[in-house]
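This report refers to the structure that appears directly beneath it.
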Amino acid sequence: MSVAAESTTMTFPLRPYKSLENEELTARIQKIRDAMGKRLLILGHHYQQDEVIALSDLRGDSYRLSALAAANRDCQAIVFCGVHFMAETADILANRPERVAERGGVRIPVILPDLAAGCSMADMAELEQVEDCWQQLGEVIDVADVMPVTYVNSSAQLKAFCGRHGGIVCTSANAAAVLQWAFARRSRVLFFPDQHLGRNTALRMGVALEQMPVWDPKAPELGGNSPEAIRSSRVVLWKGHCSVHQMFLPAHVDQFREKYPDIKILVHPECMKEVVDKADAVGSTGAIIRMVEEAPPGTRWAIGTELHLVNRLKREHPEQEIHFLSPIVCMCATMYRIDLAHLCWALENLAAGTPVNVIEVDAETAAYALEALQRMLEVK
Ligand code: 13P
Ligand code: SF4
């Protein structure tokens, strides 16, 4: 969170909100939504709790939420019910120079109701580590021919790194299109921070596993690779992962297939290759929802992504039989930090003119990160 200048004025201390019942919190949040109307935009990621999703104006996967933040012209404040990198991305897009100029120089606050809502995967790649990797790669190969691609689950600083080096951002919804864009311009890709999304996507595009060395930022030299492995690489994969999606295992797929031979296994591309290989379909959270919505009644699924989304799909699609792929609870503890108490506290402070938890990316970082994000939004 080092690049964000965050206002944390506690005009209303949070503690009293924690003791309120959900009904009261919901009523108070709704009152502010009614009073602010279109001036307030509450965005909710699919992994949020149901009570929070119910109070969001728009819900989506990280690609859709970025696009919505980029497109909205009505709102005067965004409250992001998601995690820190998503709020940073919304700030960069909603407060890009042309939009600020349209508003006569006014920035809009982008608020993350709980600053502790981070992403452990995003924390697995730091700017200094990526710069060190870039420099070491440059001692073995020509980095002018390497395209840096960062998954949107990364700090604004890493998006800015990509912007500075002609690179691009991807989400799980457009990773294949982004890699195609990258390979149309350069022979190699450095993909961070999620090795699984990078590997799963590149494999499906025909890149061989042997051409995808894993870069361990903790290794003393060349990320733990030989110079030859780097020279023969096409995609250098950062050694990062999602602690939620790594809980889904190939054995879970086998168990479901044995019990229900007709079952469809549907997983997020942050799952390991061995799980994705055994699945019937792979997709972003938005794509997972679409596939379920479009399936005929009576379809039987086992879904490998965050628990709140799978439970919501179960409730919203009683005509289908939906199972959670893992026997263990896999939930994103940081997404879960956004609750009604934090949302109410953040909104009442906003309405009182004393916004809290404002995520503001510094101007230089935002300018370079915007370049990489705009390239992403232009890739079809
Ligand atoms: P989506 O891009 O599919 O919304 O996923 C974001 C995420 O954090 C998944 O773990
Ligand atoms: Fe990050 Fe994983 Fe949570 Fe997504 S589910 S926000 S990748 S920790």
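The values are calculated or read from the model by the stated rules, or taken from the named source; none is laboratory data. Small disclaimer: the values here were computed from a predicted structure and weren't measured. As a convention, Cβ positions derive from the backbone with ideal geometry for all residues, glycine included, and neighbour counts pool all protein chains shown. To get the accessible areas, we keep the full protein, side chains included, count just its heavy atoms, and leave off ligands, DNA and RNA. Shrake-Rupley method; radii C 1.70, N 1.55, O 1.52, S 1.80 Å.
Structure above, values below:
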read-out: Residue list for region 235-264, filter: among the hydroxyl-bearing types (Ser, Thr, Tyr) and more than 16 Å from ligand 1 (Cβ to nearest atom); value: Tyr260
read-out: Matching residues in region 93-120 - criterion: being within 30 Å of Val214 (Cα to Cα) and either away from ligand 2 (no atom under 16 Å from the Cβ) or in contact with a helix residue (DSSP H, G or I) (Cβ under 9 Å, 6 or more places away or on another chain) (or both); value: Ala116, Ala117, Gly118, Cys119
read-out: Count - residues of region 271-310 that are touching a residue at least 40 places away in the same chain (Cβ under 8 Å), over 18 Å from Gln255 (Cβ atoms) and away from ligand 1 (no atom under 16 Å from the Cβ); value: 1
read-out: Qualifying positions in region 219-246 - surrounded by 18 or more Cβ atoms within 10 Å (Cβ to Cβ) and over 20 Å from Phe191 (Cβ atoms); value: none
read-out: Some residue of region 28-43 being under 16 Å from the mean Cα position of the chain (by Cα) and surrounded by 14 or more Cβ atoms within 10 Å (Cβ to Cβ); value: yes
read-out: Considering residues of region 254-291 that are of a type in the set (Val, Ile, Thr) and touching a Lys or Arg at 6+ places or on another chain (Cβ under 7 Å) only, the residue surrounded by the most Cβ atoms within 10 Å (Cβ to Cβ); value: Ile265
read-out: Of residues in region 60-76 being under 27 Å from Lys314 (Cβ atoms) and of a type in the set (Gly, Ala, Ser), the one surrounded by the fewest Cβ atoms within 10 Å (Cβ to Cβ); value: Gly60
read-out: Hits in region 292-312 - residues which are away from ligand 2 (no atom under 16 Å from the Cβ) and crowded, with 19+ Cβ neighbours inside 10 Å; value: Val292, Trp301, Ala302
read-out: Test for Leu158: is it within 16 Å of ligand 1 (Cβ to nearest atom), in contact with a helix residue (DSSP H, G or I) (Cβ under 9 Å, 6 or more places away or on another chain) and part of a helix (DSSP H, G or I); value: yes
read-out: Residue in region 338-346 that is acidic (Asp, Glu) and either open to solvent by less than 20 Å² (accessible area, probe 1.4 Å) or under 20 Å from the mean Cα position of the chain (by Cα) (or both) present; value: yes
read-out: Region 225-248: number of residues that are within 16 Å of ligand 2 (Cβ to nearest atom) and not basic (Lys, Arg); value: 11
read-out: Any hit, region 162-169, residues being within 24 Å of Asp277 (Cα to Cα), of a type in the set (A, V, I, L, M, F, W, C) and buried (at least 19 other Cβ atoms within 10 Å of the Cβ); value: no
read-out: Odd one out for Tyr368, checked against (1) open to solvent by less than 30 Å² (accessible area, probe 1.4 Å); (2) more than 15 Å from ligand 1 (Cβ to nearest atom); value: (1)
read-out: Pair list, Cβ under 8 Å, 6 or more apart: region 198-215 residue farther than 20 Å from Leu137 by Cα, other residue among the small types (Gly, Ala, Ser) and open to solvent by 20 Å² or more (accessible area, probe 1.4 Å); value: Thr201/Ala176; Arg204/Ala176; Met205/Ala176
read-out: Search result, residues across region 143-160 that are over 19 Å from Ile359 (Cβ atoms) and among the hydrophobic types (A, V, I, L, M, F, W, C); value: Val143, Ala144, Val146, Met147, Val149
read-out: Condition check for Asp57: surrounded by fewer than 24 Cβ atoms within 10 Å (Cβ to Cβ), closer than 20 Å to Ala116 by Cα and modelled with pLDDT of 95 or more; value: no
